[in-house]
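The values are calculated or read from the model by the stated rules, or taken from the named source; none is laboratory data. In this text, all values refer to a predicted model and were calculated from it rather than measured experimentally. Quick reminder, even Gly has a Cβ in these numbers, built from the backbone with ideal geometry, and neighbours come from all protein chains shown.
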Amino acid sequence: MIVVQEMSFSYRRNKPVLDQINLQMEAGGVYGVLGANGVGKTTLLHLLGGLLFPSSGNITADGMKPMLRQPAFLEQVYYVPVEFDLPRITVQAYQQRYAPFYRQFSFTTWAHALETFGIDAHVSLAHLSFGQKKKVILSFAIASGCRILLFDEPTDGLDIPSKDSFRRLLSARIDEQRLAIITTHHVLDVAMLLDHLVVLKDQHVLMQSSIEQLTARVRTATTTQLPGADELLYSERVPGGYHCLLRNMQGQEGPLDLELLFKALQSHPEIVQNSLTHEQHI
Amino acid sequence: MEFQAQTAIWLQIARQIATRIMVGEWPPGERIPSVRELAAELQVNPNTVVRSVTFLQDAGIIVNQRGIGYFVADDGVSKARDLRKKAFTEELLPVFFQTVDELGIQWEELKTWYQQHQNNSKS
Amino acid sequence: MNNTFDFRRFVQVLRLSWQNQPILPYVVLVGLIPLLLFFFVIDAFGAYVNLQSDGPFLMFNEYLFICGWLYAGVAYSELVKLGSATRYLMLPASALEKWLAKSVLVWVVFPVITWLTFNLVFEFFGLISLRWFAFKYRPINWVSADLGISLFTFYMALPAAYASGVAWKRLGILKGLVFFVVLFIVLFQLILIGTGGFSFVSEKSSLIEQVSLSYNNDEIDADIQIMVRYFWLIGILVPSFLLFVSSYFFTRERTL
C-alpha cells in the first residue's frame, strides 16, 4: 500500500512539478495514472520508487520511505522505465544475474512470459530491438514477484500482438497482495486492466477514483443526436453521430471509454467536482 | 437514439460466459475456468471478472464450491438462456421496435423476412 | 533482514558488480603489453653496459595509473547514464553494500589484476632478455618504499579517476579529456612535491630519484622539507579520502 501525503516535488525552486498531492493506493489494485505530456507522470513514478526525493511532504510504501532505498523496500518494487540500458549479455544470463535479488522470483512465470512474448532466452540483449528488450524487462517485472510494480508507458514499443500478451500476463499476476501502477498516454492499451484511475493536471491530482465508482456515475455512449443538457457532460463528433460522456440518470451502468473521459477532463476539469465526486441525486 | 447498445464491461463478460454455458462449452456440473484464468484470457482486470462471476452466481447459473471453484449449475443452461433472453427483450427489442416504427414497417413484412431467415438457416 | 548490511546480500552485489564490470579497462590492460615489452627492450639497449636498470618500476606505476584510471572512471559511470543508474539504484541492496562492492573491485581487485599482469610480462621478459639482449633486470623489490609511493599515487588517482570518469560521461569525451588533463597536471605537481618530501625515507629508491630530479636534497633546508611533507599528507591524502567517502554519498543520495 502506498500513501502520498501533501507531497511536493520541484526540479527547480518555485517551479513545482507536483504540488502538495495526496494519493492512496491499495494492494490488489491496478492504478492507471493519466495526464498530458510533461505533467509529471514519470516524476511521480520516480518518487514512488525512491529514485527522486520529495521536496516536501511524505511518501510511504508498506510503511517504508522510498527515498531511503532500504533493501526491504527495493526487493518489493520493480520499476519498468521508458528508457533503459541493458548489459550486453544473453536474456538468460540477465535473469541469472538479477533474479537472486528477488526472493519471490518465479522461474515458471519468467519462462512462460518469454514464451508468450516469443523471446529466445539464448539471444544476446545487444541483438534485440527496443520492443524486444522491453518484453524482456516486462517479463522480468511480471516474474519478479514484487508487491509493487511500476510501469512507465509499458506498451510503448510493443507491437499489437505483444500488447495482448502483456495484458494477458499482467492480468494473470494481479492478486490481493500486489499493486500495479501504470502511467500511459495510450489509455486504450491498458484500460481493461485498470480498476483505479488517477488523473494528473497542472501539478495536482485532478481525480482519483475507482473505475467502479466512475461507472456508477458516468458512462459513454455513441448517439445519433446530442442528448439533453441534464445528461450530457461532454461530446465529440464521430462519423454517424456523437461520442458522449453522459451522467448516469437511471443508475444504470454502461461502458466507460477512458480516453473520452480523459479528454473531457482535460477541457472541462470541473466535471470532477460536478459529476464525479459528489453523490448523485437521482 | 443510442446505437451500439452497450453495457458495462463486467456485464458483457457475464453475458459472454452465459453464452458459452448455453452453447455447451461447459456442461452442467463442470468447472468453469478460474477468475484468474478468465481474466488472463480476456485480458481484463481480475476484479472485473469477480463481478461478472458474482453476478452469474446470483443469477443461479453457476455455483461456488468453496475452495474448488465455480461449477455450472444443474439448471445453468436454461438459466443462462433466461439471462440472454432478458437482455434481448429489455435492450435489443426496444431499439428494434423503435426502428420498425420509424420506418413504418408492417407486421406482414416482418413475418416474410423472418420466414426467409428461417429458410436460409435451414439450407 | 538487515537493511544496512547483510553479508549474503553483499556477496551477491559483489558478484553482480564483478559480472557487470566494464571490459574496456581489460582491453587496454592487454593492449598495453606490447608497449611494456617495447619499453623493456629500449631499456635493455640503453642499460646493457651495467646489466641493470630501474626502469620497470616506473613503468609499473604508469601502467597501474592508466588502467586504474580507466577502470574507476568507467565503473562509476554506471551511475551517470539514466538507464543504468535506474537499474543500479533499484537493485535490492543497501547503498553501503553497493558502494562497498564497487570499492572492493576498484580499489583492490583490479589493482591486484594489474599487478599480476605486469609481473607476468616482466617475468616473461626476464626469460628472454639475457639471451637476446645480454641484459637482466634486477628483481623488483615489491616491499620497497617505491611500491608504497606507487600504490599511494595510484589510490590518490582513483577518486580523481572517478571524478574525471563522471565528467567524461556527463560533459562528453572532449571536455572530459580536458578535465582529466588538467587534473593530471595538478596531481603530477602534487606528486612531485610529495616525493620530494618522501625522499628521506629511502636512499636507494629509483622512483624517487626519477621524479625528484629537480630537487637537490642537500640544498633544501629541513624546515621546508617538513613543510613539504605535511603539504603532501594534507594536500593529497585528505582530498583523496574525501573523494572516496563522497563516492558513498554520491551513491546514496543520487537521484535521477
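See the values below:
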| read-out | value |
| --- | --- |
| Those residues of region A:179-193 which are within 12 Å of another protein chain (Cβ to nearest Cβ) and at pLDDT 95 or above, in sequence order | A:180, A:182 |
| Residue satisfying all of: in region A:137-178; hydroxyl-bearing (Ser, Thr, Tyr) and under 20 Å from residue A:195 (Cα atoms); farthest from the other protein chains (Cβ to nearest Cβ) among these | A:155 |
| Of all residues making up region A:194-218, the number that are over 17 Å from the mean Cα position of the chain (by Cα), facing chain B (nearest Cβ under 10 Å) and within 22 Å of residue A:4 (Cα to Cα) | 0 |
| Single match in A:259, A:231, A:236 (criterion: in contact with a Leu (Cβ under 8 Å, 6 or more places away or on another chain), more than 27 Å from residue A:186 (Cβ to Cβ) and modelled with pLDDT of 85 or more) | A:231 |
| Entirely in region A:1-52, the strands (runs of 3 or more DSSP E) that have 3 or more residues that are surrounded by fewer than 20 Cβ atoms within 10 Å (Cβ to Cβ) | A:2-12, A:15-25 |
| Odd one out for residue A:130 among (1) within 14 Å of chain B (Cβ to nearest Cβ); (2) within 30 Å of residue A:263 (Cα to Cα) | (1) |
| Matching option when the condition is without any contact (Cβ under 8 Å) to a residue 24 or more places away in the chain, within 14 Å of another protein chain (Cβ to nearest Cβ) and loosely packed, with under 14 Cβ neighbours inside 10 Å, among B:102, B:108 | B:102 |
| Test for residue B:109: is it more than 23 Å from the chain's Cα centre (by Cα) and not aliphatic (A, V, I, L, M) | yes |
| Verdict on residue A:83 being surrounded by fewer than 17 Cβ atoms within 10 Å (Cβ to Cβ) and farther than 17 Å from residue A:180 by Cβ | yes |
| Leading residue by the ranking (nearest to the chain's Cα centre (by Cα)) among those in region A:58-75 that are facing chain C (nearest Cβ under 8 Å) and not in a helix (DSSP H, G or I) | A:75 |
| Restricting region B:39-69 to residues that are under 17 Å from the mean Cα position of the chain (by Cα) and facing another protein chain (nearest Cβ under 9 Å), the residue that is surrounded by the fewest Cβ atoms within 10 Å (Cβ to Cβ) | B:51 |
| One residue from A:151, A:140, A:105 being within 19 Å of the chain's Cα centre (by Cα) and closer than 21 Å to residue C:17 by Cα | A:140 |
| Near pairs, Cβ below 8 angstrom, 6+ apart or cross-chain, from region A:151-165 (more than 16 Å from residue A:141 (Cα to Cα)) to any residue that is of a type in the set (Phe, Trp, Tyr) | A:157/A:130 |
| Conditions (1) at pLDDT below 80; (2) more than 30 Å from residue C:123 (Cβ to Cβ): number failed by residue C:82 | (1) |
| Qualifying residue in region B:63-78 (condition: out of contact with any Pro (no Cβ under 8 Å at 6 or more places or on another chain) and closer than 15 Å to residue B:11 by Cα) | no |
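Here's the yes/no breakdown for (1) more than 14 Å from chain A (Cβ to nearest Cβ); (2) out of contact with any helix residue (DSSP H, G or I) (no Cβ under 9 Å at 6 or more places or on another chain); (3) surrounded by fewer than 18 Cβ atoms within 10 Å (Cβ to Cβ); (4) under 30 Å from residue C:172 (Cβ atoms):
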| residue | (1), (2), (3), (4) |
| --- | --- |
| C:86 | no, no, no, yes |
| C:93 | no, no, no, no |
| C:116 | yes, yes, yes, no |
| C:121 | yes, no, no, no |
| C:131 | yes, yes, yes, no |
